[in-house]
Amino acid sequence: MTFEKILFYVFSVILVLSATMVITRRDPVHSALFLVLAFFTSAILWMLLEAEFLAIVLVLVYVGAVMVLFLFVVMMLDTDKAAMRAGFVKMMPVGLIVAGTMAFEMFLIVGPQYFGLDKFAMPAPHPADYSNTEELGRVLYTVYMYPVEIAAVILLVGIIAAIGLTMRKRPDNKSLDPSEQVKVTKGTDRIRVVKMASEIKQEAK
Amino acid sequence: MQFEASNLIPVVPELFILSLACLVLVIDLFIDDEQRIFTYALTQVGLVFAIFITLSVGQTEAQIVFDGSYIRDGMSDVLKVSIYIVTIGAFLYSKEYLVEHGLFKGEYYVLGLFAVLGMMVMVSAQSFLTAYLGLELLSLSLYALVAFDRDSKTGSEAAMKYFVLGAIASGMLLYGISMIYGATGALNFTTVTTALMGTGMEDIVLVFGLVFVVIGLAFKLGAVPFHMWMPDVYHGAPTAVAQFLSSAPKIAAFALAMRLLVDGMLPLHSDWQQMLVILAILSMALGNVIAIAQTNIKRMLAYSTISHVGFIMMGILAGTSEGYSASMFYAIIYAVTSLGAFGIIILLSKKGFEAENLDDYKGLHERSPWFAAMMMLFMFSMAGVPPTVGFWAKLFVLDAVVSVELTWVALVGVFFSIIGAFYYIRIIKLMYFDKAENVLPVIGNLDTRIALSVNGVLMLALGLFPAALLTICVRAIGS
């Protein structure tokens with residue numbers, strides 16, 4: 001067994017274990033931290049595949065940005081842990097059957113008999129000065145230009161949707177706009193004389 | 001690869017819609033609530049322009065650009081134009097509803113335009129990657145639209161369900177695509193097809209990938225047993241959004257199925273045919289039977305959509321160009337009919353009142369004979385009663401299925417259509433033979449009323465002269 005193979009198995013085991021922990025931990029913060037671990041180990045697996053750019057991006061984007069934000073949200077929200085776990089036992093048999101079937105099917109298909117070295121030749125290792133990043137960049141803006149543009153539009157839609165759904169002027173918001181406030185002039189802006197008829201008390205509807 | 005500006009010509013419609021969406025987004029920032037009508041007008045005019053652009057860019061022979069990621073052919077032209085028209089209709093009907101419910105905002109049109117862009121990308125996809133990205137663009141816009149009424153609890157719940165299930169479906173689809181990529185080493189439909197021809201049928205990895213692709217597709221189409229999200233989403237979403245959701249995206253879903261299964265994996269036809277037979281029969285059975293038990297018309301139409309999806313699949317599974325064009329005809333007709341049926345719901349809904357219960361349709365004939373007649377046409381068309389166009393749509397699909405020796409599938413289809421006719425005709429019975437519970441006259445804006453009348457008469461006109469549209473579909477598939 002080569003050293004790389006040992007590394008692969010060690011990190012795969014950590015990955016599977018941490019992924020299991022993500023869904024079984026009671027505390028969402030713990031789950032999120034285990035998810036960070038899962039991302040790290042899968043980044044290392046990608047590194048073993050010589051996909052170093054993707055590995056680094058996974059750590060930078062997912063661990064560095066997404067998960068930190070996610071932890072923020074989890075810590076800010078007052079999650080009802082009991083409610084989140086309600087129905088877990090009831091749903092578990094169905095979930096286990098579905099997941100078990102899928103795992104069994106994958107086990108049958110995704111194995112050496114279909115993806116073994118006799119079917120797909122081992123890719124030749126790249127020389128030391130080979131730049132994964134450069135190769136990706138080369139195809140990303142030529143062959144895959146159209147998909148990249150669409151992906152950009154998807155991100156734009158994400159921004160619009162997020163802002164559109166969360167930003168609102170609340171009618172009960174009593175805060176004042178200072179720039180409007182300082183513009184006030186003496187006289188008409190401060191006092192308004194209203195002439196009106198004497199009020200008649202209305203019947204409450 | 002050399003860059004040539006002429007390669008961009010087939011993509012001009014997409015570029016135009018993208019620019020239009022960005023323009024609407026920016027302009028909308030600078031106008032007041034009272035001038036919001038300008039955003040609406042700009043969107044509608046832009047969509048009308050897009051029809052002309054698509055038609056003028058269209059030629060007879062297919063063009064593949066962007067290293068095989070994008071295709072422009074007869075089918076994409078026809079489907080894009082019908083998506084524009086259906087979207088224009090949906091925006092037209094929804095205006096009044098949005099104004100009354102305080103949802104008349106620029107984001108609605110921006111997200112709608114991005115959804116149209118996503119549909120166009122799906123329609124013109126020539127690789128698994130672009131098909132997936134188009135689907136995501138469409139779905140993301142739709143999730144946001146379903147949640148558009150932020151104060152509505154059912155709306156948020158529906159959006160959440162739609163989002164979670166949609167994400168699972170996307171995951172399934174991607175997993176299937178990754179298997180196919182693993183087995184063939186390509187994402188491009190042309191290369192995948194060539195690779196599939198070489199390996200033959202016994203490659204179990206391909207079938208494994210195909211299963212996941214079909215599951216992902218069935219989720220997005222809303223075929224049984226992957227339909228659970230549809231009734232809740234239709235019920236929870238604002239009626240205007242449900243209308244949009246039930247019309248144009250169905251055309252795009254048909255296109256996606258065509259691109260993935262026919263363009264991408266035609267050599268696996270005998271495998272996906274069996275899967276589609278199961279999905280189609282289950283959809284027609286469950287959709288039609290459960291729709292009978294519904295008292296909410298939006299839920300009823302959701303189940304009716306499920307059954308119509310079964311019919312659309314039935315045409316595709318025939319695997320002949322006759323079947324594809326019949327299915328395309330069906331998808332377009334269904335979108336237009338559904339647009340009209342939801343249009344009537346919108347017309348009857350007023351501020352603070354949703355005409356979503358079947359009882360609200362009692363005695364509609366007394367309140368407005370003309371719109372009761374229109375609703376009758378929509379219902380007859382959905383049920384497939386001649387002389388409305390729905391009859392021809394069903395006939396062409398059944399004919400295509402019978403001609404490939406799958407008569408039993410056609411018989412099952414007919415059987416469940418007859419069951420389905422019950423709940424469509426029940427609405428007609430409620431409208432004409434029951435006493436009205438409220439006698440308020442039906443009032444609507446002039447544009448809504450004209451659009452509904454045109455839409456209803458179209459059901460009849462296309463039913464009397466179905467040949468024109470059918471010829472367009474046949475020619476589009478043939479090219």
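So here's what we get for this one:
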| quantity | calculated |
| --- | --- |
| Looking only at the stretch A:138-163, and only at residues there that are among the small types (Gly, Ala, Ser) and within 9 Å of another protein chain (Cβ to nearest Cβ), the one that is surrounded by the most Cβ atoms within 10 Å (Cβ to Cβ) | A:Ala161 |
| The stretch B:118-131, subset surrounded by 24 or more Cβ atoms within 10 Å (Cβ to Cβ) and within 9 Å of chain A (Cβ to nearest Cβ), residue nearest to B:Met230 (Cα to Cα) | B:Gly118 |
| Only one of A:Ala51, A:Ala38 that is touching a residue at least 60 places away in the same chain (Cβ under 8 Å) and surrounded by 15 or more Cβ atoms within 10 Å (Cβ to Cβ) | A:Ala51 |
| Residue count, the stretch B:455-467 (criterion: over 21 Å from the mean Cα position of the chain (by Cα) and crowded, with 19+ Cβ neighbours inside 10 Å) | 0 |
| Output for the stretch B:55-79, where each listed residue is out of contact with any strand residue (DSSP E or B) (no Cβ under 6 Å at 6 or more places or on another chain), more than 13 Å from B:Glu14 (Cα to Cα) and within 14 Å of chain A (Cβ to nearest Cβ) | B:Val65, B:Phe66, B:Asp67 |
| Scan of the stretch B:153-169 for residues that are of a type in the set (Val, Ile, Thr) and at pLDDT 90 or above, ordered by number | B:Val164, B:Ile168 |
| Selection status of B:Asp67, assigned to a helix (DSSP H, G or I) and touching a residue at least 40 places away in the same chain (Cβ under 8 Å) | no |
| Test: residue in the stretch B:247-260 that is crowded, with 24+ Cβ neighbours inside 10 Å, in contact with a Gly (Cβ under 6 Å, 6 or more places away or on another chain) and more than 14 Å from chain A (Cβ to nearest Cβ) | no |
| In the stretch B:137-151, the residues that are at the interface with another protein chain (Cβ under 8 Å from one of its Cβ atoms) and at pLDDT 90 or above | B:Leu137, B:Leu140, B:Ser141, B:Tyr143, B:Ala144, B:Ala147 |
| Which listed residue is crowded, with 22+ Cβ neighbours inside 10 Å and not in a helix (DSSP H, G or I), from B:Ala223, B:Ala240 | B:Ala223 |
| So B:Leu55, is it assigned to a helix (DSSP H, G or I) and surrounded by 17 or more Cβ atoms within 10 Å (Cβ to Cβ) | no |
| Flag if B:Met160 is at the interface with chain A (Cβ under 10 Å from one of its Cβ atoms) and either free of Cβ contacts under 8 Å to residues at least 60 places away in the same chain or farther than 25 Å from A:Leu165 by Cα (or both) | no |
| Of all residues in the stretch B:95-144 being in contact (Cβ under 8 Å) with a residue 24 or more places away in the chain and part of a loop (DSSP other than H, G, I, E, B), the one that is farthest from B:Lys351 (Cα to Cα) | B:Gln126 |
| Within the stretch B:369-454, helices (runs of 4 or more DSSP H) holding 1 or more residues that are of a type in the set (Ser, Thr, Tyr), crowded, with 16+ Cβ neighbours inside 10 Å and modelled with pLDDT of 90 or more | B:369-383, B:407-433 |
| Any hit, the stretch B:100-117, residues being more than 13 Å from every other protein chain (Cβ to nearest Cβ) and either of a type outside the set (Asp, Glu) or under 20 Å from the mean Cα position of the chain (by Cα) (or both) | yes |
| Residue in the stretch A:119-136 that is surrounded by 11 or more Cβ atoms within 10 Å (Cβ to Cβ), away from chain B (no Cβ under 14 Å), out of contact with any His (no Cβ under 9 Å at 6 or more places or on another chain) and under 30 Å from B:Phe16 (Cβ atoms) present | no |
| Residue in the stretch B:214-231 that is charged (D, E, K, R) and within 14 Å of chain A (Cβ to nearest Cβ) present | no |
| Search result, residues across the stretch B:264-285 that are among the polar types (S, T, N, Q) and in contact (Cβ under 8 Å) with a residue 40 or more places away in the chain | B:Ser270, B:Gln273, B:Ser283 |
| Residue in the stretch B:351-362 that is of a type outside the set (Phe, Trp, Tyr) and touching a Gly at 6+ places or on another chain (Cβ under 6 Å) present | no |
| Given (1) more than 15 Å from B:Met374 (Cα to Cα); (2) without any contact (Cβ under 8 Å) to a residue 12 or more places away in the chain, number of the condition B:Lys429 does not satisfy | (1) |
| Qualifying helices (runs of 4 or more DSSP H) (wholly inside the stretch A:1-115; at least 3 residues being over 24 Å from B:Ser178 (Cβ atoms)) | A:3-24, A:28-48, A:67-76, A:81-85, A:88-109 |
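The values are calculated or read from the model by the stated rules, or taken from the named source; none is laboratory data. This one's a predicted model, so the numbers in the text were calculated from it and none came from an experiment. Please note: Cβ atoms are built from the backbone with ideal geometry, for glycine as well, and neighbour counts cover all protein chains shown.
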